1. Taking Cα pairs under 8 Å and at least six residues apart, what relative contact order does the chain come out at, in percent?
2. Report the Cα centroid-to-centroid distance between segment 122-149 and segment 1-68 in angstrom, as an integer.
3. What 222 nm value per residue comes from the helices of the chain, counting each DSSP H run with n ≥ 4 as -39,500 (n - 2.57) and dividing by all residues, nearest 500 deg cm²/dmol?
4. What is the fewest-to-most order of 64, 136 by other Cβ atoms lying within 10 Å of their Cβ?
5. So the label point goes 7 Å from the Cα of residue 171 along Cα→C-beta, right? Which residues of segment 198-231 then have their backbone N under 20 Å from it?
6. Under a GNM of the chain (C-alpha, springs under 10 Å), which listed residue has the highest mean-square fluctuation: 222, 71, 95?
7. Peptides 51-63, 33-45: what's the order by average Cβ count within 10 Å, highest mean first?
8. What is the ratio of the Cα radius of gyration of segment 1-136 to 2.2 N^0.38 Å, with N the residue count, to two decimals?
């Protein structure tokens, strides 16, 4: 069993931060990861990449990352991880998936998209917690978002690029709470940053520059139980024998 150490430096996630997350759909916590956690995450993500060279279809290390690395598995119920997730979702939560998002130099852009979960029931929440170990610049593997898009709870958001999104899904849309026009925002994140995002938020990723470095990132997802999840990547074997202390986080409902 891997001994626990702090994941995060001191931070506050109070009413102001929750309100910002609720209005924007994402919350950036810059440089939150401890140096020890960042170093350990890089080792684990490199391990996942290596394991991926011998992937079995349907159980790929990239999608089921925590099932292929003990350290990543140990973070599923790390006290600081659960405290963060429950601060937003409440006490009744489930682990949904852990996905490696390593982007080597020259990795192409990722198109605009959103994700599904209980479109007709706002009482059921689903968040993704991105660990941007390497950080990113807005023009180099950076995350781009549309503040307020999550409030539409639209799983079908899709566009090849910014122009297509502006000309189609964004056209004429305003923020349901502020009334302001919806706009694309390109984020910057220093190394060790955490970004929390509601699953229905529109987001995409800028291409990684060819002369850049590898961007190390992993995302953990948690949700309130109540519906099935298309993104729930947990193998039957892992669910049957979960990491110590994780059993209550595994059932679908």
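Derivation of every value follows stated rules applied to the coordinates shown; laboratory data play no part. No experiment lies behind these values; they were computed from the predicted model shown. Don't worry about glycine lacking a Cβ; one is built from the backbone with ideal geometry, like all the others, and counts go over all protein chains shown.
1. Working: 530 pairs, mean separation 78.9, N = 253.
Relative CO of the chain lands at 31 percent.
2. A separation of 12 Å, based on Cα centres.
3. Details: 6 runs with 55 residues, N = 253.
After summing the helix terms and dividing by the residues of the chain, the value is -6000 deg cm²/dmol.
4. Working: 64 21, 136 24.
Least to most surrounded, the residues fall as 64, 136.
5. 202-203
6. Fluctuation is largest for 71.
7. Numbers: 51-63: 12.9, 33-45: 17.8.
In decreasing order of mean packing, 51-63, 33-45 become 33-45, 51-63.
8. Values: Rg = 16.0 Å, N = 136, 2.2 N^0.38 = 14.2 Å.
After normalising by residue count via 2.2 N^0.38 Å, the value is 1.12.
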